[in-house]
1. Which residues, counting only those in the stretch 67-105, are among the basic types (K, R), in a loop (DSSP other than H, G, I, E, B) and either in contact with a Ser or Thr (Cβ under 6 Å, 6 or more places away or on another chain) or farther than 16 Å from S31 by Cβ (or both)?
2. Among the residues of the stretch 165-211, write down those that are touching a residue at least 12 places away in the same chain (Cβ under 8 Å), at negative phi and part of a helix (DSSP H, G or I).
3. Would you please name the residue that is surrounded by the most Cβ atoms within 10 Å (Cβ to Cβ), looking only at residues in the stretch 195-223 that are among the aliphatic types (A, V, I, L, M) and modelled with pLDDT under 95?
4. Of the numbered conditions (1) within 23 Å of L224 (Cα to Cα); (2) within 19 Å of the chain's Cα centre (by Cα); (3) at pLDDT below 95; (4) of a type outside the set (A, V, I, L, M, F, W, C), T10 fails exactly one; give the number of that condition.
5. Residues in the stretch 42-63 that are under 16 Å from the mean Cα position of the chain (by Cα) and surrounded by 15 or more Cβ atoms within 10 Å (Cβ to Cβ): how many?
6. Just one of A147, A94 is under 15 Å from the mean Cα position of the chain (by Cα), among the hydrophobic types (A, V, I, L, M, F, W, C) and at negative phi; which is it?
7. Which one is nearest to Q200 (Cα to Cα), of the residues in the stretch 116-147 that are touching a residue at least 60 places away in the same chain (Cβ under 8 Å) and not aliphatic (A, V, I, L, M)?
Amino acid sequence: MADKCILSSTPDEITKLGAYCLSNSTPLPASIRDVAATTASETGSKSMMACSLVQCHWLMTTTEMLRPKRVLELGTFTGVSTLAFYEATRDSLAEIITVELDKEYASMAERGFGKYVSGGRVELLRMCCADALRLVKGQFDLIYIDADKGGYAGYLRDILDRRLLSSRGVVLVDNALIFGLVVDDSFTSNVPAGRLESFQESAAQLRKFNEFVASDSRITCSLLPAFDGVMCIRWR
């Protein structure tokens, strides 16, 4: 039904929904739970930049279905989502390249990788995403974008122009709706206190990005009202 594309929830309801989903899902690997907890304790309010545990479930399931040979992640943060890709590809032994410019976050991610990653399958590039996209070679079956919102359009153009996405590949773009502000500036009920102006700026950038994606004749896309908005992109 058109009016049931997403559950409209208050912050308290979102917390309860997430807890219910976790309690009725297969337990996540210890690596993800541990690094997520460390992220929450060491980064404070910035921990909202990490994938929620429910979203990690979704990333793992999606990755397991895609069975990628190579994964590219733009925006490591502390490595929570990276570990979701790693855990989901234990059987396929996919190569994972993840990119993070911030020194503190990259160091936190490397701590987690040192504890939980084996086989040299995860490579962390300490650089900006634009430079990384010029550096990487070959194609990827799964590309996950969760970095600076103003760079999204440029990153996707580079991915498409350089044919970094394989013929069967998928690009997943996080925060494509950013609290719903992309749709309507009045959707402020879940925006953290004192952050409205910065998120509205990001929403304006993401609005242009979504329009760009929808109009590019080379690709097909689906914008889903899940989590903070997920844009799924494939070659046409």
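1. R67, K69
2. Hits for the stretch 165-211 are F199, Q200, S202, A203, Q205, L206, R207, K208, F209, N210.
3. Applying the first criterion (among the aliphatic types (A, V, I, L, M)) to the stretch 195-223 yields 196, 203-204, 206, 213-214, 219, 223.
Those left that are additionally modelled with pLDDT under 95: 196, 203-204.
Numbers: L196: 15, A203: 23, A204: 16.
It comes out as A203.
4. (2)
5. 15
6. Details: A94 fails: under 15 Å from the mean Cα position of the chain (by Cα).
A147 is the lone residue from the list that is under 15 Å from the mean Cα position of the chain (by Cα), among the hydrophobic types (A, V, I, L, M, F, W, C) and at negative phi.
7. D146
Residues are listed down the side, and each one gets a yes or a no for (1) among the polar types (S, T, N, Q); (2) more than 23 Å from L142 (Cα to Cα); (3) in contact (Cβ under 8 Å) with a residue 24 or more places away in the chain:
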| position | (1), (2), (3) |
| --- | --- |
| E42 | no, yes, yes |
| S45 | yes, yes, yes |
| R67 | no, no, yes |
| G75 | no, no, yes |
| T78 | yes, no, yes |
| A84 | no, no, yes |
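The values are calculated or read from the model by the stated rules, or taken from the named source; none is laboratory data. Values in this document were obtained by computation on a predicted structure and should not be read as measured data. Because the Cβ atoms are built from the backbone with ideal geometry, glycine has one as well, and the counts that use them run over all protein chains shown.
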